[in-house]
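Report on one structure; see the data block that follows.
The values are calculated or read from the model by the stated rules, or taken from the named source; none is laboratory data. These figures come from a predicted structure and were not determined experimentally. Ideal geometry is used to build each Cβ from the backbone, glycine not excepted, and the neighbour counts take in all protein chains shown. All accessible areas refer to the heavy atoms of the entire protein, side chains included, with ligands and DNA or RNA removed. Shrake-Rupley method; radii C 1.70, N 1.55, O 1.52, S 1.80 Å.
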Amino acid sequence: MEERIKYLFKHYLNNTCTRKEFDEFFSYINEAAHNELIRELIKKAYQETGQPGSFLTYVDELGNLVITKPNWNEQSLTIAKPAKKTRLILAMAAVVIAGVVGVAWFMTRPLSMQPLAATKGLAKKMTGRSEYRYMLLPDSTQVWLNAASALEYPQQFATGKREVYLTGEAYFDVKHADKQPFLIHTGKVTTLVLGTAFNINAYPGRENIIVSVSRGKVRVNYNEKEMAVLTQGQQVKVSNTSNSVVQKKQAITEAAPWQQGNLQYDDETIRDIVADLERNYDVTIRVQSEALANERITTSFRREIGIENALKVLCNLTDTRLKLENKMYVIQ
């Protein structure tokens, strides 16, 4: 258990927790309020991990709440720095009072803001290849950003609506607000919700934009025209490569399997699968045959099997061979 807590703590510090790992760490935090052993394990993980950086608000190893003055003009050096939000401070302070020493500050980690987008006046959060992030928006909406993705959003939402712009893939758990709908723009597709949880896969160059709902209800528009209303367990695929709109609804058990470390592909082209593997493993892959690149398959595997084993699965399914040339994987 001690090693597991260290693992989860370090991954949260690096902003690489999956949603399942994030929830698991929360459960340890809550348990620590009533369990001396858990509390000591968390304290030890905190001490071995090191002191927090220059966050706006955190809890030191003695359990004292420290509030520092923010420097809004200071630009972050890399996109992998911790986040700058002070949401949930009171909730975590209550946990500290209950006895969680030295780790409650992680809930208040500020979001590392990118420079404001010049055209829209928006903040921008990005991930690199094989990088995954959790972030908290100004309205307390939770977002898990997949690899090689970007989310643009205002630092304060307007009164009438909440709008964000997604490139790539993200899982949203939207804070409910009756009179303030939440809109996610992904190219020609706009997804509108009031309060729900769902996943959007909208990487540039993909054949389809995919919206999958795990809770609540969402409306999906294409070129401002309503094309689908989805409820829990439903999914829609919108063509991203032709003028026609292709709809596909189906029952699903997981809206965002990537959060649990599962790479799942349902009737996807080899081209789209290979592009996803490049993002997840930060590698370069070439498919020699155009016909092969357009071939469709359905498959799934765990991310931890590694890129070579993942590609071997594809080769077995397509009766092809894999070779490595100058650090580039070639499927032929």
> Inside the range 292-325, can you point out the residues that are acidic (Asp, Glu) and outside any helix (DSSP H, G or I)?
Replying inline: Glu295, Asp319, Glu325
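Would you check if there is a residue in the range 222-241 being in contact (Cβ under 8 Å) with a residue 12 or more places away in the chain and acidic (Asp, Glu)? Outline the logic, then answer.
Going residue by residue through the range 222-241, those that are in contact (Cβ under 8 Å) with a residue 12 or more places away in the chain are 222-224, 227-241.
Subset that is acidic (Asp, Glu): 224.
Yes, that holds for at least one residue.
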> For Asn262, are the conditions met, namely being surrounded by fewer than 16 Cβ atoms within 10 Å (Cβ to Cβ) and more than 16 Å from the chain's Cα centre (by Cα)?
Replying inline: no
>> Considering only residues that are out of contact with any helix residue (DSSP H, G or I) (no Cβ under 8 Å at 6 or more places or on another chain) and within 27 Å of Val274 (Cβ to Cβ), which ones fall in the range 169-184?
In response: Ala170, Phe172, Ile184
>> Let me confirm something: among Thr320, Thr253, Thr269, Thr298, which residue is over 24 Å from the mean Cα position of the chain (by Cα), hydroxyl-bearing (Ser, Thr, Tyr) and more than 19 Å from Glu131 (Cα to Cα)?
In response: Thr320
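Any idea which of Ile200, Ile184 is without any contact (Cβ under 8 Å) to a residue 24 or more places away in the chain and among the β-branched types (Val, Ile, Thr)?
On the way: Ile200 fails: without any contact (Cβ under 8 Å) to a residue 24 or more places away in the chain.
Being without any contact (Cβ under 8 Å) to a residue 24 or more places away in the chain and among the β-branched types (Val, Ile, Thr) holds for just one of Ile200, Ile184, which is Ile184.
For the condition modelled with pLDDT of 95 or more, open to solvent by less than 20 Å² (accessible area, probe 1.4 Å), closer than 24 Å to Gly168 by Cα and not basic (Lys, Arg), what is the one hit in Leu277, Leu314? First the steps, then the outcome.
Details: Leu314 fails: modelled with pLDDT of 95 or more.
After applying the criteria, what remains is Leu277.
Take the conditions at negative phi and either touching a Phe, Trp or Tyr at 6+ places or on another chain (Cβ under 6 Å) or hydroxyl-bearing (Ser, Thr, Tyr) (or both) and apply them to Ser140. Does it pass? I'd like the intermediate steps shown before the answer.
On the way: at negative phi: no; either touching a Phe, Trp or Tyr at 6+ places or on another chain (Cβ under 6 Å) or hydroxyl-bearing (Ser, Thr, Tyr) (or both): yes.
Judged against the criteria, Ser140 is not a match.
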> Residue check, Tyr153 against (1) out of contact with any Leu (no Cβ under 8 Å at 6 or more places or on another chain); (2) over 16 Å from Ala256 (Cα atoms); (3) at pLDDT 90 or above; (4) of a type in the set (Ser, Thr, Tyr), all met but one. Which one?
Replying inline: (1)
> Any idea how many residues of the range 262-291 are part of a helix (DSSP H, G or I), out of contact with any Phe, Trp or Tyr (no Cβ under 6 Å at 6 or more places or on another chain) and not charged (D, E, K, R)?
Replying inline: 7
>> Against the condition part of a loop (DSSP other than H, G, I, E, B), surrounded by fewer than 18 Cβ atoms within 10 Å (Cβ to Cβ) and over 19 Å from the mean Cα position of the chain (by Cα), how does Gly195 come out, does it pass?
In response: no
> From the list Glu163, Glu226, Glu169, Glu207, which one is open to solvent by 30 Å² or more (accessible area, probe 1.4 Å), of a type outside the set (Phe, Trp, Tyr) and modelled with pLDDT of 90 or more?
Replying inline: Glu163
> What number of residues within the range 209-221 are free of Cβ contacts under 8 Å to residues at least 40 places away in the same chain and either of a type in the set (S, T, N, Q) or within 29 Å of Ala293 (Cα to Cα) (or both)?
Replying inline: 5
